[in-house]
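None of the figures in this text is laboratory data; all of them are computed from the coordinates on show. Note that the structure is a prediction, hence the values are computed from the model and not measured. Glycine also receives a Cβ, built like all others from the backbone with ideal geometry; neighbour counts cover every protein chain displayed.
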Amino acid sequence: MTPKSPIPQVHIETFGCQMNESDSELVRSMLKREGFAFTEDRERADVVLVNTCAIRENAHKKIYAHLSELKGLKKRRPLVVGVLGCMAQNLKNELAEKEPLVDVLAGPDAYRQLPMLLSTALEAQEQGFSQKGFALDLSEYETYEGIMPDRDSGVNAWITVMRGCDNFCSFCVVPYTRGRERSRDPENILVEAREAVARGFKQITLLGQNVNSYCAGEWDFAKLIRAVADTLGIDRVRFTSPHPKDFPIALIEAIATHPKVCKHVHLPLQAGSDRILDLMGRTYTGAEYLALVDRIRQTIPGVVLTTDIICGFCTESDQDFQDTCRMVERVRFDSAFIFKYSERKNTIAARKYPDDVPEHIKGARISKLMEIQRQITLERNRELIGKKLVILVDRDATRSSTQGMGKTDGNITVVWDKGTSHFVPGTLITKRIFDASAATLYGE
Ligand code: SAH
Ligand code: SF4
Ligand code: F3S
C-alpha cells in the first residue's frame, strides 16, 4: 500500500548490535521502495521508528527512556511511533497493551509488513483515530533476499549472511527474539558484495549472531569468506560474531592466508570456569577454548583477539570468578567487552538457576576484570609502538578536526595529526605508531 501524498517522512533510530544496524538499512530500503522518505531530523518526522535491543536490562532501560522522550513529541503534534527489533519481539505483550505511545510493533522477521502497517496507522491518524498494528511472527525462512539494503555512508558495508541463533546459551535472549538459524544464498551475498564495492565501500563486514555456523548446501563459512574476499576492488573483509564451536582449521586458514581477510578474531569466552561454562551451555571447556586460541595464534601470526565476558552469572563463586581472571591473564586478549549478568525473562537461566550474585559483587567483579583487561590492552597496544601499520582511513577523529582516524587490520583505532594534508576516507595509508593508550594508537 503506497502512502498518500505528501510523502511521509520517517526518522529511524537504531540501538543494539550491528545486526540491528544492518536491519535498519533493510527497513529503509523497503520503505523507500513503497514511497516513504527519510529524514535525519526527528522534529520533522511523521513517523519515528526505534529499532531496539533486548540483550541486557540496561538496553531496555535506555529504550524506555527514549520512548518517554517521544511521548513529549507526540503530545505536541501528530506522530506515528513504531518499535522494531528484539525488544519489540520480546516484550510484545507489555508494549502492545501497556504502552499507548506505540502505534506499530514489528519483530526482526516481519519488516516486509512495515510499509503496510505504517500506511494504515498514518491514514487512521489523518482521520482522527488511532489504528495499532503488530507484526511479530518469527520465520524459519525470512532472509530478506532480494532487498538491497539502503546503506549508511562510510567505508564499511554490513552484509547479513545468516539470521537467528540455535545455540540457546542459557543467559541469552537472542534465540527468542531472532528465531531459528537460517543462511542466505551465497550467490546473492556475492552480488551484494560486488554492488557494495562498486558503490565505493572498501570494507565488508559479514554479520550473523553465529556467523561462522553459516551453511548453505556445499557452502560453509570458510568458503563464503574466501569468495567474498575475492571480490574485485575490496580492501578488507571482517566478520562478527562467531561462536568458538564453529572454528574448523579451514576457516582459520582462510583468515590466515587470504590477504583481504582481516587478522582479527572476536572469540566470545563468556567465562573461565568450566562449571559456569557448562551452566551457560557454551559447549566448550576452558581447556578447549585455550587450545583453539593456540591454534588460531599459531596459524595466524599477529592475530588480534578480542572477546566478550559476563561477570556474576548465576551461582558464580569467587573461585569461578578467579578462574575467569586467570583465563583473561593467560590469553591476553587485545581487548574485551565485559558485562554484568542481566537476567532475561524466559531464558533457560531465568527458568533454572538463581540470579544470586548480589549487585555489589557483580559490580566489584566487573571493575576488577575491567582493570585487569585495561592493563593488558595497554601493554599489548604499547607492543605496537615503533611498528608501521596499514590503516583504513575512516574520518576525522571524534575529538578534533585536526586529527584523522582509522582502523588497523586488527580493528584497533589509530589517530594522527593531519597537519595540512587531506586524507580521503576509505584510503589505505601506512603510519608508524609512536604512542599508545588502552583505547587508541597514535600514528606519526
Ligand atoms: N552471538 C554472539 C553474542 C551476541 S550478544 C555470540 O554468541 O558471541 C553479545 C554479548 O552480550 C554476548 O557475547 C554476551 O557476552 C553478552 N550477553 C548476552 N546475554 C547477556 C545477559 N543476559 N547478561 C549479560 N550479558 C549478556
Ligand atoms: Fe546468544 Fe549464545 Fe546465540 Fe550468541 S550463541 S546469540 S550468546 S544464544
Ligand atoms: Fe540486541 Fe537483538 Fe542484537 S538483543 S544485541 S539487537 S540481536
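Brief remarks on what is shown
- Placing unit charges on the Cβ atoms of the charged side chains and taking the dipole of the chain about its Cα centre, the candidate lying farthest along the positive direction among Val393, Gly164, Cys314 is Val393.
- Gaussian network model of the chain, springs between alpha carbon atoms under 10 Å - residue of Glu288, Glu195, Glu126 with greatest fluctuation: Glu126
- Spin-label model, Lys368/Tyr141: points 7 Å from Cα along the beta carbon direction are separated by 5.3 nm.
- Top of Thr430, Thr402, Thr377 by mean-square fluctuation, Gaussian network on the chain, Cα under 10 Å: Thr402
- At R0 = 41 Å, FRET efficiency that the Cβ-Cβ distance of Thr285 and Thr420 yields, to 0.05: 0.15
- At 1.306 mPa s and 10 °C, Stokes diffusion of region 167-210 via Kirkwood alpha-carbon radius, µm² per second: 125
- Whole-Hz Karplus values for region 266-271 come out as 8, 10, x, 8, 6, 6 Hz, taken residue by residue from phi with 6.51 cos²θ - 1.76 cosθ + 1.60 and θ = phi - 60°; glycine and proline positions read x.
- Prolate/oblate/rounded call for region 9-135, Cα gyration tensor, a/c under 1.5 rounded: rounded
- Backbone HN-Hα couplings from phi across region 90-98 [Karplus 6.51/-1.76/1.60, Hz, Gly and Pro as x]: 7, 10, 4, 5, 4, 6, 5, 8, 9
- Rough spin-label spacing in nm, given labels placed 7 Å along Cα→Cβ, for Met116 and Lys62: 3.3
- Total lysine pairs under 29 Å (Cα atoms) in region 1-116, excluding pairs fewer than 8 apart on one chain: 26
- For the chain, calculated [θ]222 nm from helices alone, where every DSSP H run of n ≥ 4 adds -39500 (n - 2.57): -11000 deg cm²/dmol
- For region 1-92, GluC sites (Glu not before Pro) are listed when DSSP marks them as loop and at most 13 other Cβ atoms sit within 10 Å of their Cβ; the list is Glu40.
- Charging the Cβ of each Asp and Glu at -1 and of each Lys and Arg at +1, and nothing else, the dipole of the chain about its Cα centre rounds to 780 debye.
- Cα gyration tensor shape for region 65-132, rounded if a/c is under 1.5, else prolate or oblate: oblate
- If only the Cβ of Lys and Arg carry +1 and only the Cβ of Asp and Glu carry -1, the dipole of region 388-443 around its Cα centre is close to 60 debye.
- Largest GNM mean-square fluctuation across Ala106, Ala121, Ala65, computed for the chain with C-alpha springs under 10 Å, falls on Ala65.
- No Cys partner within the rule (Cβ under 4.7 Å), the chain: Cys17, Cys53, Cys86, Cys165, Cys215, Cys262, Cys311, Cys314, Cys325
- Note on Arg76 and Asp185: with the Förster distance fixed at 45 Å, the Cβ-Cβ geometry gives a FRET efficiency of about 0.45.
- A simple spin-label model places pseudo-atoms 7 Å from Cα toward Cβ; at Thr440 and Phe168 they are separated by 4.6 nm.
- At q = 0.08, 0.12, 0.14 Å⁻¹, base-10 log of I(q)/I(0) for the chain (Debye sum, equal scatterers on each alpha carbon): -0.50, -1.14, -1.46
- With N the number of residues in region 321-444, Rg(Cα) / (2.2 N^0.38 Å) evaluates to 1.40.
- For the chain, the longest principal axis of the Cα atoms and the long axis of helix 18-33 meet at an angle of about 30 degrees.
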